[in-house]
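Contents: one structure, followed by commentary.
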Amino acid sequence: MPSRRDMLFFLTASAVAGGASRALASPPTATAQPDLRGAIDAAEYRATPESGDRKTRNLEQMIEQAARANVPVFLPPGTYRISNLTLPDNTRISGVPGASRIVYTGDGHLFSAENVRRIELSNLVIDGGNRRLGDYAGGLLQFTGVDEVLIDNCEIGGSRKHGLQMERCGGRIERSRISGAAQSGLYAVDSTTLSVTGNTVSDCGNGGILVHRWKKAEDGTVVSGNRISNIRANDGGTGQNGNGINIFRADGVMVVNNHISDCAFTAIRANSASDIQISSNQCRRSGETAIYVEFAFEGAVVSANMIDGAANGISIANFDEGGRLASVTGNVVRNLTLKGPYQHEVGFGIGIAAEADTLISGNVIEGAPRWGLQIGWGPYLRNVVVTGNVVRKSPVGCAVSVADGAGTALITDNIFQETAEGAVLGFQWEKKVSGEMAGGGSPYAQLTVERNRIS
């Protein structure tokens, strides 16, 4: 049975800063508490006036011994200036929230681990100082092939690349604050049973939370309860950058209950991601489309989201690339604009757009300055049902494609108010070709339009 001295390794702030070693002055007050002095005298790891590399080696040695002994390392309040630390399996490092500060000194990476079972970091401030990262390093913290990465109540800031990069990892990233990354706050690729919950990600150069895969496959990441804001698109493009949450080729992902604001492009963007659930999110002031489900996907649920301020509200797109099969229900979309970050072939100012095998029901759209609803585009229309929606203050309530090759649509039981140019109109691409159809009697065999009310 291990002694109380074996339960926790203890590194004092003075040991790292270069002062004399000291133990805690007062004894534990409860019999269950461990002796914080640890099994190794902290004097053995007292910093010297030598280089930062020596300090890093001392800390790395202590972490390795603690991992072998299956105990955590505790960092008391202080500043720890280190770099190029490779973490062994079973690493557990904890500190005092807001007071135990790890500062990257540059020339490589800060923390990394590869092909291990478990890494745990908690209650730490991790500061990259915007210092250069090595060409091999994708992020300030970089983990590859780690079964469980557990990061809780940490602050990660000032990375010249991604704040946290994970490849082939599982685990939980929770209650942490990531800011000031030149790329994205969190980049997770080829994840397994990863949860990203309750974090704050802000002021990043190209993305907030990215869940990607090298090849399209089951992923299952849950992105829930995060607050994401002020995401730029410093590297430009037409949607690969500037997104609050970006899901790419990752199937079975849930994006729920997040608050996302002030993104240069999209609040939530799912590209080639099948069986995705996007529900109960707040999306405010998006520079492009607030919620985008695009390219080669099959299966999407977009429900109960609040969208206030965007160029477009919700887009279920790219039937030409295999994008199909969605349910868009119970969303509120309002306060859109005609202005977007690039020239778009369809244009901006559209509330909800869909093309194939999609139900659009129970949504409220107000203030879409072009079209409230866009159903199909050219020949890309098949099996779209539009029912029970409210569309207000839009020049065209519902623009439905009647171009050659366009398929079936059912538009019934909707309410249109203040749609000056028409409630339900047929379009061949961008050209209006029909009169008002909202009241019924569609001249197009593939369209059923009935029981709509214009008020």
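The values are calculated or read from the model by the stated rules, or taken from the named source; none is laboratory data. This structure is a prediction, so every number in the text was calculated from the model and none was measured. Please note: Cβ atoms are built from the backbone with ideal geometry, for glycine as well, and neighbour counts cover all protein chains shown. For the accessible areas, the whole protein counts, side chains as well, though only heavy atoms, and no ligand, DNA or RNA atoms are used. Shrake-Rupley method; radii C 1.70, N 1.55, O 1.52, S 1.80 Å.
Under a point-charge model restricted to the Cβ atoms of Lys and Arg (+1) and Asp and Glu (-1), what is the dipole moment magnitude of region 258-298 relative to its Cα centre, in debye to the nearest 20? Please list the in-between numbers first.
Working: 3 positive and 5 negative charges, 45 e Å.
The dipole of region 258-298 has a size of about 220 debye.
The fraction of accessible area contributed by carbon and sulfur in the chain is 47 percent, rounded to a whole number (1.4 Å probe; ligands and nucleic acids excluded).
Solvent-accessible area per residue in the chain equals 39 Å², computed with a 1.4 angstrom probe and all protein chains kept.
So what's the angle, to the nearest 10 degrees on a 0 to 90 scale, between helix 52-68 and the longest Cα principal axis of the chain? With both axes taken from Cα atoms, the answer is about 90 degrees. Lysine pairs in the chain whose alpha-carbon atoms fall under 24 angstrom of each other, counting only those eight or more residues apart or on distinct chains, come to 6.
From the Cα gyration tensor of region 227-384, with a ≥ b ≥ c the square roots of its eigenvalues, which class applies: rounded if a/c is under 1.5, or else prolate if a/b is larger than b/c, or else oblate? In terms of gyration-tensor shape, rounded.
Among rounded, prolate and oblate, which fits region 66-116 when a ≥ b ≥ c are the square roots of the eigenvalues of its C-alpha gyration tensor, a/c under 1.5 means rounded, and a/b larger than b/c means prolate? Oblate, because a/c is 1.5 or more while a/b does not exceed b/c. Helices in the chain, meaning DSSP H runs of at least 4 residues, each add -39500 (n - 2.57). Divided by all residues, the mean residue ellipticity at 222 nm is -1500 deg cm²/dmol. The structure-derived value of semi-axes √(5λ) of the Cα gyration tensor in Å appears in the list [x] 36, 33, 22; [y] 54, 18, 18; [z] 49, 29, 24 under the label [y].
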